[in-house]
Amino acid sequence: IDLVPGTHKIEVTKENYYPFSGFVELQKNKVSEKDITLNTITGGLLISVSPLDANVRMLKNSIVVQEWKGLKQQKDVMIGDYTLEISSPGYDPVSKIISVKENATITEDIVLKKAVFGSVLITATPITASITLYQNGSLVYTLSNGVRMNNVRPGSYLAKISYSGYEPEEVSISVSEGVTATKQV
């Protein structure tokens, strides 16, 4: 920037950083340079999850900024809103929004709940028919005819059975915890 010689005030600001304000003395026909490093406004985290081997992802604006397992204690985390995604096999995943504040430590104890499952067994004729399960209009499982599918979340499903040359069939099926829901089509 071309400026007249003399003393000039410099102010630098950026969201989530402490602002800088200072002065620079400019002399005629001389180039002046000034390196400015802004300091991040930070807070802290103390996050514990159970089970301890659970995977934790911390996202800011849908971008993963950190990943870890179990306990996390950290100072100097940039202030702002983050999403924690916690998962572990056999447990229901959890998503939680946290807000890191200046000079404060966010403390969270997150306990995952054991996942509950049922199973589905659909037998169709002809035996090579295609079987798909939908929930709320979305495809969630493709089944093998006459084979029990385990680890199906409890809830209501629509089974679609089709085979070339046959009229397709749709049947409702309800899955409960610990029970095998069966249909014959």
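The values are calculated or read from the model by the stated rules, or taken from the named source; none is laboratory data. Note that this is a predicted model, so its numbers are computed, not measured. Neighbour counts run over all protein chains shown; Cβ positions are idealised from the backbone, glycine included. Note: accessible area is taken over every heavy atom of the protein model, side chains too, but ligands, DNA and RNA are not part of it. Shrake-Rupley method; radii C 1.70, N 1.55, O 1.52, S 1.80 Å.
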Problem set entry | 5 angstrom amide H check on residue 105, placed H, neighbours 5+ away | 44
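For the pairs 34/96; 75/113; 72/113, note any where the Cα-Cα span goes beyond 31 Å.
Values: 34/96 42 Å; 75/113 29 Å; 72/113 20 Å.
Those over the limit are 34/96.
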Exercise. Taking 0.36 nm per intervening residue step and subtracting the Cα-Cα distance, what contour gain separates residue 9 from residue 116 on full extension?
Worked result: 32.2 nm
Exercise. Evaluated at 25 °C with a viscosity of 0.890 mPa s, what Stokes-Einstein diffusion coefficient in µm²/s does the chain have when Rh comes from the Kirkwood expression over alpha-carbon pairs?
Worked result: 112
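Considering only DSSP beta bridges whose two residues both sit in the chain, what percent are antiparallel, to the nearest 5? Walk me through the numbers before you get to the answer.
On the way: 51 of 63 bridges.
Restricted to the chain, the bridges split so that about 80 percent are antiparallel.
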Problem set entry | Hz values of 3J(HN,Hα) by residue in region 12-18 - Karplus curve (6.51, -1.76, 1.60), Gly and Pro given as x | 10, 9, 7, 4, 6, 10, 5
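What is the calculated FRET efficiency for residue 69 to residue 24, with r their C-beta to C-beta distance and R₀ = 45 Å, to the nearest 0.05?
About 0.40, to the nearest 0.05.
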Exercise. Regarding region 10-101, what is the average projected area of its C-alpha convex hull, in nm²?
Worked result: 7.7
Seminar exercise, completed: Under the Karplus relation with 6.51, -1.76 and 1.60 and θ = phi - 60°, whole-Hz ³J(HN,Hα) for region 158-169, x at Gly and Pro, equal 10, 9, 10, 10, 9, 7, 3, x, 10, 5, x, 10
For this session: Quote the accessible area belonging to residue 78 in square angstrom, nearest 10, computed with a 1.4 Å probe and with ligands, DNA and RNA left uncounted.
Result: 50
Problem set entry | Residues with amide H under 5 Å from that of residue 117, placed H, sequence gap 5 or more | 178
Problem set entry | Nitroxide proxy distance, nm - points 7 Å out along Cα→Cβ at residue 138 and residue 34 | 5.3
Problem set entry | Mean accessible surface per residue for region 46-111, computed with a 1.4 Å probe while every protein chain stays in place, in Å² | 61
For this session: Excluding residues on the same chain fewer than 8 positions from residue 160, give the lysines whose Cα lies under 19 Å from its Cα.
Result: 183
